[in-house]
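Right, one structure below, let's go through it.
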Amino acid sequence: MVAIVRSLPLAAAGRPEPVHYQVYYSSVMQVRFGHLSKLTVFAVFVLNALVSLLQRSILRIFAPITVGLGFAALFFVYGIRKARLHVENTVKSSLATEIYSRLIHINFVRAFIVYGISCCLLAYIYYGKFTNLSIFLPKQEFELTKLNEKRIYLNSLSIFTFLIYITLHLAQDQDRIMLAKVKANPMSKVQKAFVPAIKKSALCAVATSICFVPVYMFFRGSIWRSSLSFARMFTTLHRSSALGPFPIAPFHSLLLTFYLNFLWNIGNDLFTIYMSVGALHRGKCISSKSNDPNGTLISGLRVSKRRFARAAAFQELSYIASSDGRRRELIYIDTEKPTAWQQILTECLLVLQDLRTRFQTAQGSKDAKQSKLKQTVPQPDPFTSPTPAPLKVRKENVFLSRGTKPAGPVKNEHRVLDSLQDPKATQSSWVIEKLATGGSYFQIVKSKVAVYAVTFLRSPLGVPFRCTVQRRVSMLINNPDLVSSAIFGLSNLVVNSMSEDTFGTVQRDIPRVLEELDKTLTVLEEFYEQPILHWSDVDNIERLQDGMNPMGEQDSIKLEEIDQISENLLEAFEGIYKKFNDYLSSMSVSADVYRRGSTISKISKRYI
């Protein structure tokens with residue numbers, strides 16, 4: 001006997017939830033961090049071996065303590081770099097605001113602590129390897145202990161060095177990592193990074209050593225007294241607190257600052273190289289390890305807090321769409337609802353729609369304002385709207401006072417109102433006159449302040465305080481690589497579907513793709529032709545001609561991010577339009593698409 005439940009048809013199980021892209025990407029990043037750690041240990045060991053050979057101390061080559069301390073010093077730097085890893089640029093409206101937000105922040109305190117620990121470890125290695133300077137001067141048996149001011153000078157120099165280094169590091173936003181090309185070789189980049197690191201470290205060592213001399217001269221008394229007070233907590237020192245000759249040590253100053261800068265520079269360069277490796281791992285895509293590679297890739301494309309993994313997922317999509325025919329076939333033949341192509345299309349178009357929304361919000365689109373007015377002020381229909389009731393009009397003058405006062409005791413509020421009345425209106429006229437005079441003075445002061453402000457902004461000192469349109473565009477397109485990957489990933493899938501999409505799942509969405517590309521291009525072109533400038537952007541305001549950007553001239557306003565995205569959009573539009581030009585008449589393509597397709601210029605093909 002068959003149960004009734006068994007005889008009913010089973011419901012569709014639906015698409016199972018795939019393993020998220022972040023899981024595989026995290027494991028790959030851990031492997032890369034392991035390679036980075038091994039290379040760091042090897043670099044510290046080689047540096048230790050070279051120093052030991054110069055000192056003719058062969059036994060110190062294999063000293064594990066020195067290598068361990070050097071690796072620990074760089075490992076602390078790697079930790080804070082990993083915690084502050086990001087792919088979006090953190091540009092602010094002006095240079096002064098940007099520097100303030102990066103330096104007057106809790107991140108500066110964290111970097112101060114981390115680089116302070118790293119500096120202490122590296123300085124300990126330096127004093128043990130390169131110099132025999134001790135904290136106390138050598139003395140006879142009958143003499144009291146004296147501090148060695150040269151050692152204090154070098155300690156202060158090391159603190160000054162890491163303060164300058166973290167200030168430049170945070171001001172330049174070196175924690176931002178841009179993904180390299182998909183097939184980039186990290187070892188070749190590592191080999192090319194040593195010579196620039198040596199040159200940069202040597203330049204920083206000379207500049208820091210020279211600049212520290214007047215700084216130490218100014219704070220010499222305070223540093224000496226604080227050092228004496230701290231040392232007397234642990235030992236008995238000489239009673240005299242007099243300063244000796246100036247403790248300048250040019251050789252040790254240059255060598256110490258070069259040693260610190262070189263290790264930090266090469267450590268940060270190695271971290272950037274290994275953490276910016278593209279979406280390929282050992283020649284294969286990261287999502288190819290999953291049992292459902294399409295689902296895993298799509299989970300990485302969705303908007304989430306894992307922005308670094310999302311950027312890698314879009315880069316992988318762009319690579320698959322242009323160079324991996326087997327993965328493209330898996331996308332085309334996926335017919336389970338929702339299909340892989342529909343989900344990829346949704347995520348790529350979401351990137352373009354978000355880009356358009358940002359620019360339309362910044363520019364104040366007229367269409368948005370008109371639609372808002374239509375919603376807030378509806379037009380009534382004279383045929384269907386009910387007739388309103390007639391208004392009641394009073395014939396008497398409502399502003400005349402009553403002839404008789406009300407009987408009974410006068411209330412307090414009536415007394416207050418009567419006392420404030422001015423029958424001749426002399427007080428009201430005086431107040432109005434004073435307000436008008438004050439308003440005119442305010443306008444005069446405001447105009448003078450505006451003239452002085454513009455004069456200051458035009459000077460070299462006012463450059464950091466300009467809110468330029470270039471910075472505004474960088475804030476709107478904070479990750480141009482992700483937008484480019486979405487554009488080329490989408491366009492290459494559409495172009496290759498001509499010969500590879502056997503079920504025709506892509507062709508039905510070609511008009512929508514062309515319309516979205518055309519809309520995004522239109523919004524960017526409108527912003528480029530008529531950018532909205534801040535009043536402090538005096539340099540770009542002078543370049544405008546009748547409120548328009550003089551296109552094609554030397555004095556035109558250059559917007560690099562818009563140029564890059566517009567070029568990518570034009571190339572993607574041209575590739576799709578030319579590939580399906582013979583079939584567009586039967587696809588109900590909009591007139592705007594036909595208009596752009598007929599006027600588009602020839603651009604050289606370039607696929608990521």
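Any idea how many residues of region 530-570 are in a loop (DSSP other than H, G, I, E, B) and more than 30 Å from Phe488 (Cα to Cα)?
Residues flagged as in a loop (DSSP other than H, G, I, E, B) and more than 30 Å from Phe488 (Cα to Cα) within region 530-570 amount to 10.
Table: residues versus (1) free of Cβ contacts under 8 Å to residues at least 40 places away in the same chain; (2) under 28 Å from Lys146 (Cβ atoms).
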{"position": "Lys199", "(1), (2)": "yes, no"}
{"position": "Cys204", "(1), (2)": "no, no"}
{"position": "Ser209", "(1), (2)": "no, yes"}
{"position": "Pro214", "(1), (2)": "yes, yes"}
{"position": "Trp224", "(1), (2)": "no, yes"}
{"position": "Ala231", "(1), (2)": "no, yes"}
{"position": "Phe234", "(1), (2)": "yes, yes"}
{"position": "Leu237", "(1), (2)": "no, yes"}
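List every residue pair whose Cβ atoms lie under 7 Å apart, where the two residues are 6 or more positions apart in sequence or sit on different chains, the first residue falls within region 334-350 and is over 16 Å from Ser485 (Cβ atoms), and the second residue, located anywhere, is open to solvent by 70 Å² or more (accessible area, probe 1.4 Å) and among the aromatic types (Phe, Trp, Tyr).
Hits for this filter: Thr335/Phe503.
Restricting attention to region 351-361, and to residues there that are in contact (Cβ under 8 Å) with a residue 60 or more places away in the chain and under 18 Å from the mean Cα position of the chain (by Cα), which single residue is surrounded by the most Cβ atoms within 10 Å (Cβ to Cβ)?
The selected residue is Val351.
How about region 182-225: which of its residues are in contact with a Pro (Cβ under 9 Å, 6 or more places away or on another chain) and among the aromatic types (Phe, Trp, Tyr)?
Tyr216
How many residues does region 280-301 contain that are assigned to a strand (DSSP E or B) and of a type in the set (Lys, Arg)?
1
With the checklist (1) at pLDDT 85 or above; (2) surrounded by fewer than 17 Cβ atoms within 10 Å (Cβ to Cβ) in hand, flag the one item Val46 doesn't pass.
Every listed condition holds for Val46 apart from (1).
For region 201-224, give me the residue count where each residue is among the hydroxyl-bearing types (Ser, Thr, Tyr) and within 36 Å of the chain's Cα centre (by Cα).
Count: 3.
Would you confirm whether any residue within region 140-155 is aliphatic (A, V, I, L, M), surrounded by fewer than 18 Cβ atoms within 10 Å (Cβ to Cβ) and not in a helix (DSSP H, G or I)?
Among the residues of region 140-155, at least one is aliphatic (A, V, I, L, M), surrounded by fewer than 18 Cβ atoms within 10 Å (Cβ to Cβ) and not in a helix (DSSP H, G or I), which makes the answer yes.
Please find, among Phe108, Phe136, Phe130, the residue that is open to solvent by less than 70 Å² (accessible area, probe 1.4 Å) and closer than 22 Å to Ser253 by Cβ.
Phe130
Please find, within region 64-105, the residue that is modelled with the lowest pLDDT out of those that are among the β-branched types (Val, Ile, Thr) and open to solvent by less than 50 Å² (accessible area, probe 1.4 Å).
It comes out as Thr66.
Scan region 525-574 residue by residue and report those that are open to solvent by less than 10 Å² (accessible area, probe 1.4 Å) and small (Gly, Ala, Ser).
Of everything in region 525-574, those that are open to solvent by less than 10 Å² (accessible area, probe 1.4 Å) and small (Gly, Ala, Ser) turn out to be Ser536, Ser556, Ala572.
Quickly run through region 461-496 and pick out the residues that are among the polar types (S, T, N, Q) and either assigned to a helix (DSSP H, G or I) or without any contact (Cβ under 8 Å) to a residue 24 or more places away in the chain (or both).
Selection gives Gln470, Ser474, Ser484, Ser485, Ser491, Asn492, Asn496.
Kindly indicate whether any position in region 177-191 is of a type in the set (A, V, I, L, M, F, W, C), part of a helix (DSSP H, G or I) and more than 30 Å from Ile104 (Cα to Cα).
yes
Considering (1) among the small types (Gly, Ala, Ser); (2) in contact with a strand residue (DSSP E or B) (Cβ under 9 Å, 6 or more places away or on another chain); (3) free of Cβ contacts under 8 Å to residues at least 12 places away in the same chain, say which one Ala242 fails and leave the rest.
It fails just one condition, (2).
Just a yes or no: is a residue in region 246-253 surrounded by fewer than 20 Cβ atoms within 10 Å (Cβ to Cβ) and among the β-branched types (Val, Ile, Thr)?
Yes, some residue in region 246-253 is surrounded by fewer than 20 Cβ atoms within 10 Å (Cβ to Cβ) and among the β-branched types (Val, Ile, Thr).
Which residues, counting only those in region 313-349, are outside any helix (DSSP H, G or I), β-branched (Val, Ile, Thr) and open to solvent by 30 Å² or more (accessible area, probe 1.4 Å)?
Scanning region 313-349 gives Ile333, Thr335.
Here is a check on your reading of the model: is Asp324 modelled with pLDDT under 90 and not small (Gly, Ala, Ser)?
Yes: the conditions hold for Asp324.
The values are calculated or read from the model by the stated rules, or taken from the named source; none is laboratory data. In this text the structure is predicted, and so the values were computed from the model without any measurement. Quick reminder, even Gly has a Cβ in these numbers, built from the backbone with ideal geometry, and neighbours come from all protein chains shown. Please note that ligands, DNA and RNA were not included when accessible areas were found on the heavy atoms of the full protein model with its side chains. Shrake-Rupley method; radii C 1.70, N 1.55, O 1.52, S 1.80 Å.
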